[in-house]
Amino acid sequence: MTASPSSSPSAAQPALPSLPPAFLDVLDALIPPDLRPRVDASYTAPKAVVFRINPLRAPDTAAVLAALAPLCPEPVAGVEGVFRLPAGDRDALTHHPLAADGSLYIQGVASMAAVWALAPRPGEEVLDLAAAPGGKTALIAACMANQGRLAAVEPVRARFFRLKANLQRLGVRNAQLYLKDGAQVGRLVSARFDRVLLDAPCSSEAQFTRLDPTSWTHWSPKKVRASAALQSRLLRSAADALKPGGVLVYSTCSLSPEEDECVLDALLRERDDLWPEPLPWPVDLPALPGLTAWRQRPLHPDLTLARRVLPTEWTDAFFLCRLRKRG
Ligand code: SAM
């Protein structure tokens, strides 16, 4: 009788499928050799789960932690109300009543970092130009303590209604939602917002996992180029919608520089009223500075102030850059 792979502890595991060769080229060019084993390992195992306690629904963090028992989350140093659990607890947390009632929200720490970089304050006027499903919109509203005005734009109807439902569940009361192409917004409401977040639609390289080859089914170098073209249009619109003196954060969940520094470089060459700023960075995340050259092409030197969060056992790949508009 032949033992099935699962019944024999010594049986060799089937090899996991390889990431697409064109994406491996990007990793080869970007990731320093000493960090590469950690990055490679992140594609072969489920990640730790990070969540935040939502002050708009649950002002008492200790009560939420007590109600989560026997789950025992570890605080993420540097930020209040953000915790992490082992990957094996993901299902229990996802289906927990405190997730269902909006007391907590599962959200990657790099995704939260985009909102920490934006640093919205109560009473301001803030634009989230690519908002669904709304994780960052809800964190912006929490930073604003539901005071001021938050405009959230999403053009895809099904995603728009998911955004609406999520914001209701998470207790967001200061948001106005627009089912709209973000590329039109800068022309319609020019120089209006104190802060603008463009968490751009992208080729979603952060979702790649070798445990599920369908995670890259829709990815190709052509998709990267198409994403970059859309990102450029949205970034111009975001820059136009920003008030003089305001802050713009551009982020993607792609590692390809064509979607990150190259999009910003094109904008910075076109106009001299915006420049990159250092990022508020409360958490010790595994990250590299932004690139100042890519494939022999020099890029704006201040793009070194951007950050590329690396994919690891607890973080997803993420790119972010904070820009200031001349006052
Ligand atoms: N910020 C969201 C969050 O944290 O939950 C995630 C945003 S996701 C990366 C990008 C979003 O941009 C998608 O919901 C996508 O449908 C939307 N999008 C696509 N084309 C757009 C456009 N022309 N204008 C604005 N948003 C667009």
remark   = Long-range amide H partners of residue 127, meaning residues 5 or more apart or on another chain whose placed amide H is closer than 5 Å, are 151, 195, 196, 197
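Between residue 225 and residue 119, what length comes free when the chain is fully extended (0.36 nm per residue of separation minus the Cα-Cα distance, one decimal in nm)?
On the way: separation 106, 0.36 × 106 = 38.16 nm, distance 3.03 nm.
Gain on stretching residue 225 to residue 119: 35.1 nm.
Determine Rg/Rh for region 184-267; Rg is computed over alpha-carbon atoms and Rh is the Kirkwood hydrodynamic estimate from the same atoms. All intermediate terms of the calculation are to be shown ahead of the outcome.
Numbers: Rg = 14.4 Å, Rh = 13.6 Å.
The Rg/Rh ratio comes out at 1.06.
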Per residue accessible area of region 50-101, 1.4 Å probe, in Å² = 54
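State the extension gain, in nm to one decimal, for the chain segment bounded by residue 24 and residue 190, taking 0.36 nm per residue of separation less the distance between their alpha-carbons.
Net length gain for the segment: 55.7 nm.
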request  = Mind putting a number on the dipole of region 126-257 about its Cα centre? Charges go on the C-beta only, +1 for Lys and Arg and -1 for Asp and Glu, and I need it in Debye to the nearest 20.
outcome  = 260
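Hey, what's the per residue convex hull volume over the C-alpha atoms of region 233-282, in cubic angstrom? Could the numbers behind the result be given before it?
Details: hull volume 4.9 nm³, N = 50.
That works out to 98 Å³ per residue.
If you roll a 1.4 Å probe over the chain with all protein chains in place, what percent of the accessible area is carbon or sulfur? Before the final figure, lay out each step's value.
Numbers: 8230 of 14830 Å².
Here carbon and sulfur together make up 55 percent of the probe-accessible area.
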ask   = Tell me, what HN-Hα J-couplings in whole Hz come from the Karplus equation 6.51 cos²θ - 1.76 cosθ + 1.60 at θ = phi - 60° for each residue of region 280-288, using x for Gly and Pro?
value = x, 9, x, 10, 7, 9, x, 9, 10
remark   = Going residue by residue through region 309-322, the Karplus relation 6.51 cos²θ - 1.76 cosθ + 1.60 with θ = phi - 60° gives ³J(HN,Hα) values, rounded to whole Hz and with x marking Gly or Pro, of 6, 8, x, 9, 5, 9, 10, 9, 4, 7, 10, 8, 9, 10
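Cα convex hull of region 17-122: mean projected area in nm², to one decimal? Walk me through the intermediate numbers first.
Numbers: hull surface 36.5 nm².
Projected area, direction-averaged: 9.1 nm².
Looking only at the chain, where both bridge partners belong to it, what percent of the DSSP beta bridges are antiparallel (to the nearest 5)? Intermediate results must be reported in sequence, preceding the final value.
Details: 28 of 45 bridges.
Bridges in the chain are about 60 percent antiparallel.
Would you compute, from DSSP H runs of 4+ residues alone, the mean residue ellipticity of the chain at 222 nm, taking -39500 (n - 2.57) per run and dividing by the full residue count, rounded to the nearest 500?
On the way: 11 runs with 101 residues, N = 327.
Dividing the helical sum by the residues of the chain leaves -9000 deg cm²/dmol.
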Farthest toward positive dipole pole in region 139-238 [+1 Lys/Arg, -1 Asp/Glu at C-beta], among 197, 153, 211 = 153
ask   = From the phi of every residue in region 193-210, what ³J(HN,Hα) in whole Hz does the Karplus formula 6.51 cos²θ - 1.76 cosθ + 1.60 yield, where θ is phi - 60° and glycine or proline is x?
value = 9, 5, 9, 10, 9, 10, 8, 6, x, 8, 7, 6, 5, 5, 8, 4, 9, 6
note = The rounded separation in angstrom of the Cα centers of region 271-317 and region 161-175 is 30
task = Could you pull out the trypsin sites (Lys or Arg not before Pro) across region 278-310 that fall in loop regions by DSSP (anything but H, G, I, E, B) with no more than 11 other Cβ atoms inside 10 Å?
result = 295
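Kindly report the accessible area of region 110-167 per residue (heavy atoms of protein chains, probe 1.4 Å, no ligands, DNA or RNA), in Å².
Normalised by residue count, the accessible surface of region 110-167 is 32 Å².
Stick to Cα atoms and the Kirkwood definition of Rh, then tell me Rg/Rh for the chain. Write down the numbers at each step before the final one.
Details: Rg = 20.3 Å, Rh = 20.7 Å.
Radius of gyration relative to Kirkwood radius: 0.98.
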request  = Using the structure shown, select from 47/223; 47/325; 222/325; 47/180; 223/243; 164/243 the pairs with a Cα to Cα distance greater than 29 angstrom.
outcome  = 47/325; 222/325; 47/180; 223/243
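Any chance you could run the full-extension gain for residue 297 through residue 67? It's 0.36 nm times the residue separation minus the Cα-Cα distance, nm to one decimal.
On the way: separation 230, 0.36 × 230 = 82.80 nm, distance 5.33 nm.
So the extension gain works out to 77.5 nm.
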query = Three principal axis extents, largest first, for the C-alpha atoms of region 92-150, in Å?
reply = 36, 22, 17
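The values are calculated or read from the model by the stated rules, or taken from the named source; none is laboratory data. From a predicted model like this one, the values you see are computed outputs, not experimental measurements. Counting neighbours? That spans all protein chains shown, and the Cβs are built from the backbone with ideal geometry, glycine included. Calculation scope for accessible area: heavy atoms of the full protein, side chains included, ligands and nucleic acids excluded. Shrake-Rupley method; radii C 1.70, N 1.55, O 1.52, S 1.80 Å.
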